[in-house]
There are 2 protein chains.
Amino acid sequence: MADLSIDVVAREAGVHRSTVSRAFSRPEAVKAETREHILRVAEKLGYTMSPLAQALRRKTSTLVPLIVPDITNPFFAELAKTMTEAAGERGYQLMLCVTNGDDVQTAGYLTAMQSLYAPFGIIAPSTRVDIDALMQFDFGQRLVVIDRVDQNAGVPTVTVDSRRGIELAFEHLRSLGHRRIGYVSGIAGTHTAQDRMDAYRDLAEGEPIVLDSGADSEAGGRAAAHFAAMADRPTAIIAANDMVAFGVISALASRGFRVPEDVSVVGFDGLALGARFNPALTTVRQPIADMGSIAIELAEKKAADGSAGHIVLEPELLVRASTAGPRP
Amino acid sequence: MADLSIDVVAREAGVHRSTVSRAFSRPEAVKAETREHILRVAEKLGYTMSPLAQALRRKTSTLVPLIVPDITNPFFAELAKTMTEAAGERGYQLMLCVTNGDDVQTAGYLTAMQSLYAPFGIIAPSTRVDIDALMQFDFGQRLVVIDRVDQNAGVPTVTVDSRRGIELAFEHLRSLGHRRIGYVSGIAGTHTAQDRMDAYRDLAEGEPIVLDSGADSEAGGRAAAHFAAMADRPTAIIAANDMVAFGVISALASRGFRVPEDVSVVGFDGLALGARFNPALTTVRQPIADMGSIAIELAEKKAADGSAGHIVLEPELLVRASTAGPRP
DNA sequence: CTGAAAGCGCTTACAG
DNA sequence: CTGAAAGCGCTTACAG
């Protein structure tokens, strides 16, 4: 397999290099039998074209970056998984780039992808990155943004309707009989965290009860402490996302509060992990797989006609074991 | 930034293209002031070298694939996270490749990485892939294997001492007073699952109690059902990994068994997620970050002198809230 | 439909 | 220490 290039295939097949190139890249431009012969020879030799050389010549590759702040966050892991498939089906090769929410890292990836001739990229930004700054990069123009609404820059976006999601959680809880419903923000890193919090404040009847609004992994612990210290406790809690819900339930349990007997908890995301939590988590599901494939479509559309679509998907309620009626 | 190539920098700096190349790639081969001048001009123009063109010419790149079966498994996610950093520090660019445990996908990645001139790769194989078959690929010779012992092919490996890990779990449980200690295998996908099971059988005093040995995500549920149906139940359970432990605890809880009051559970992996589980999981920690950087070192060592090192790391017990003494 | 030529952006012996 | 030349593995107008 050493030194297998287009020229050795050409020689072996008795044609010119350019004909071999066409046989692979523009089959309709080659006589059928010539092409078949070339392909057979290539197959026999075990030849495949060098994507490197192709990208250099064509000035475009099939490498598509997915830029996320943290892959150990299961939301991004699930996104990465489904997008790998969505990209593969369309002939792209997804390249996962993890930034840790860092501006400089993000910028580094953008210039790298530019020089790798990536046709476009998908970014799920953390709050710490400034989209407008990203747009200063050449590659910024070819980005589509997931999970963050940003209409002002001609950037295509795909998000889930945060307000509708919080509404679903409220409807479910109220139908169970809950009236005092608290909220825990926490592990931010995404702009949707803010949208969800806003929706909660709008939809809460009476006084909103925000147990914690921190953005770190200790939010659950603080929320539980706050809850324990309250005189008039809420009977149910909505968490800004599933990871926060896990933390809240766990911290609540270590203080002796049982879910859902003592207090109901609803998450937001619909992570597969939630089904295996103790108790299995009732949550608002985001259609993660759809987000991935739609992001790719938006990117292709923008490349084709310059249009920046903004797709908002509908969330869905997943009722499991972390919610029940309030104590009589 | 359009059409910025080595030649425009050369022209602007008044030197030959080859001098610009050296200024970047072999600084000691250029007179200091020439180099500084070139670098200044490049900086002003916003020029960086094309990694594509470099790889094509040098026949080696800095792209290092990390091949894992499933990124939504937090073990692989944590591995990916720490390896991204370890690779970055050494001047490599980690490229995450997700196979879903599929042979064909894996093979596809190997040929792709070969044609991208990757210097080496790291693979955390699922049980379904045959390492020996992988070695048939040119790129197979440049692989280092994580979490799977495989001495027979000159492949470097880095693993954790499974037997020692299980031993730690037993020691902890026995010191708490447990005598009947069960085991749940499950979510395999890794060869270490087998090693851990073997260690359990060896170390169990009296009759081993294997509650479930399945390899799917339902293992927890079946194990809990089995447990509930037993006359003489174990007072503690060791799970083959943290994800299985989560499933077992959750399924146990839904049948009314409380952890650790009714039964203690120990996991294996040391996932960050375990600290936020309900209850926080006692577990055998694998030094995931070390595994990543050692894998890279082994790969570099093999590239340098052809040697295939086999590193076995020590696990460590993390005592949290899922274990306690047995019911009196 | 096929071939010959130029060139994508680099590197690296080889001279000087 | 620097330059000129050849070449990595391809693609794509341009002829024929």
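The values are calculated or read from the model by the stated rules, or taken from the named source; none is laboratory data. In this text the structure is predicted, and so the values were computed from the model without any measurement. Virtual Cβ from ideal backbone geometry, glycine too; neighbours counted across all protein chains shown.
Only one of these is within 16 Å of the chain's Cα centre (by Cα), over 28 Å from A:Leu56 (Cα atoms) and more than 10 Å from chain A (Cβ to nearest Cβ): B:Pro65, B:Pro74, B:Pro69. Name it.
B:Pro69
Of all the residues that make up region B:10-36, how many are surrounded by fewer than 16 Cβ atoms within 10 Å (Cβ to Cβ) and within 19 Å of B:Arg57 (Cβ to Cβ)?
Result for region B:10-36: 7.
Tell me, please, whether a residue that is of a type outside the set (S, T, N, Q), in a loop (DSSP other than H, G, I, E, B) and within 16 Å of the chain's Cα centre (by Cα) can be found in region B:92-104.
Scanning region B:92-104 turns up at least one residue that is of a type outside the set (S, T, N, Q), in a loop (DSSP other than H, G, I, E, B) and within 16 Å of the chain's Cα centre (by Cα).
Looking at region A:37-59, which of its residues are touching a helix residue (DSSP H, G or I) at 6+ places or on another chain (Cβ under 9 Å) and either among the polar types (S, T, N, Q) or more than 12 Å from chain B (Cβ to nearest Cβ) (or both)?
Across region A:37-59, the qualifying residues are A:His37, A:Ile38, A:Leu39, A:Arg40, A:Val41, A:Ala42, A:Lys44, A:Leu45, A:Thr48, A:Ser50, A:Gln54.
A quick yes/no check of all residues on (1) more than 12 Å from DNA strand C (Cβ to nearest atom); (2) closer than 20 Å to A:Thr111 by Cβ; (3) without any contact (Cβ under 8 Å) to a residue 12 or more places away in the chain:
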| residue | (1), (2), (3) |
| --- | --- |
| B:Arg17 | no, no, yes |
| B:Phe24 | no, yes, no |
| B:Glu28 | yes, no, yes |
| B:Lys31 | no, no, yes |
| B:Tyr47 | no, yes, no |
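Taking the condition within 16 Å of DNA strand C (Cβ to nearest atom), in contact with a helix residue (DSSP H, G or I) (Cβ under 8 Å, 6 or more places away or on another chain), within 14 Å of another protein chain (Cβ to nearest Cβ) and on the phi < 0 side of the Ramachandran plot, does B:Leu110 pass?
Judged against the criteria, B:Leu110 is not a match.
For region B:308-328, name all the residues that are within 30 Å of A:Ser254 (Cβ to Cβ) and assigned to a strand (DSSP E or B).
Selection gives B:Glu316, B:Leu317, B:Leu318.
For the structure I just gave you, tell me whether B:Ala275 is closer than 30 Å to B:Phe120 by Cα and either modelled with pLDDT under 95 or not in a strand (DSSP E or B) (or both).
no
If I ask for residues that are within 11 Å of A:Val68 (Cα to Cα) and touching a Ser or Thr at 6+ places or on another chain (Cβ under 7 Å), which ones from region A:92-104 would you list?
Those that are within 11 Å of A:Val68 (Cα to Cα) and touching a Ser or Thr at 6+ places or on another chain (Cβ under 7 Å): A:Val98, A:Thr99, A:Gly101.
Please enumerate the residues belonging to region B:105-140 that are in a loop (DSSP other than H, G, I, E, B), over 16 Å from B:Ala80 (Cβ atoms) and modelled with pLDDT under 90.
Residues satisfying the conditions are B:Thr127, B:Arg128, B:Val129, B:Asp130, B:Met135, B:Gln136, B:Phe137.
Just to verify a result, which residue in region B:1-15, among those that are in a loop (DSSP other than H, G, I, E, B) and not acidic (Asp, Glu), is nearest to DNA strand C (Cβ to nearest atom)?
B:Ser5
Within region A:20-36, which residues are within 11 Å of DNA strand D (Cβ to nearest atom) and touching a helix residue (DSSP H, G or I) at 6+ places or on another chain (Cβ under 9 Å)?
Hits for region A:20-36 are A:Val20, A:Ser21, A:Arg22, A:Ala23, A:Phe24, A:Ser25, A:Ala29, A:Val30.
Quick grid of which residues meet (1) touching a residue at least 24 places away in the same chain (Cβ under 8 Å); (2) surrounded by fewer than 24 Cβ atoms within 10 Å (Cβ to Cβ):
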position: B:Pro260; (1), (2): yes, yes
position: B:Val265; (1), (2): yes, no
position: B:Arg276; (1), (2): no, yes
position: B:His310; (1), (2): yes, yes
position: B:Leu313; (1), (2): yes, yes
position: B:Pro326; (1), (2): yes, yes
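Which one is nearest to A:Leu94 (Cα to Cα) among residues in region B:89-98 that are more than 9 Å from chain A (Cβ to nearest Cβ) and not acidic (Asp, Glu)?
B:Tyr92
When you go through (1) more than 9 Å from chain B (Cβ to nearest Cβ); (2) within 22 Å of B:Glu85 (Cβ to Cβ); (3) without any contact (Cβ under 8 Å) to a residue 24 or more places away in the chain; (4) small (Gly, Ala, Ser) one by one for A:Ala80, which number turns out not to apply?
Failing condition for A:Ala80: (1).
Inside region A:223-251, can you point out the residues that are part of a helix (DSSP H, G or I) and in contact with a Gly (Cβ under 6 Å, 6 or more places away or on another chain)?
A:Asp242, A:Val244, A:Ala245, A:Gly247, A:Val248, A:Ala251
Considering only region B:278-307, state which residues are in a loop (DSSP other than H, G, I, E, B), buried (at least 17 other Cβ atoms within 10 Å of the Cβ) and over 15 Å from the mean Cα position of the chain (by Cα).
Of everything in region B:278-307, those that are in a loop (DSSP other than H, G, I, E, B), buried (at least 17 other Cβ atoms within 10 Å of the Cβ) and over 15 Å from the mean Cα position of the chain (by Cα) turn out to be B:Asn278, B:Pro279, B:Ala280, B:Leu281.
Hey, among B:Gly221, B:Gly270, which residue is of a type outside the set (A, V, I, L, M, F, W, C), within 12 Å of chain A (Cβ to nearest Cβ) and surrounded by 16 or more Cβ atoms within 10 Å (Cβ to Cβ)?
Unique residue meeting the criteria: B:Gly221.
With respect to A:Arg90, is the statement that it is more than 29 Å from A:Asp130 (Cβ to Cβ), away from DNA strand D (no atom under 16 Å from the Cβ) and in contact (Cβ under 8 Å) with a residue 60 or more places away in the chain true?
Here the answer is yes, as A:Arg90 does meet what is asked.
Identify, from the list A:Met230, A:Met243, A:Met197, the residue that is at negative phi and within 14 Å of chain B (Cβ to nearest Cβ).
Exactly one of A:Met230, A:Met243, A:Met197 is at negative phi and within 14 Å of chain B (Cβ to nearest Cβ), namely A:Met243.
So which residues in region A:37-59 are surrounded by fewer than 13 Cβ atoms within 10 Å (Cβ to Cβ) and either part of a loop (DSSP other than H, G, I, E, B) or more than 9 Å from DNA strand D (Cβ to nearest atom) (or both)?
Of everything in region A:37-59, those that are surrounded by fewer than 13 Cβ atoms within 10 Å (Cβ to Cβ) and either part of a loop (DSSP other than H, G, I, E, B) or more than 9 Å from DNA strand D (Cβ to nearest atom) (or both) turn out to be A:Arg40, A:Glu43, A:Lys44, A:Gly46, A:Lys59.
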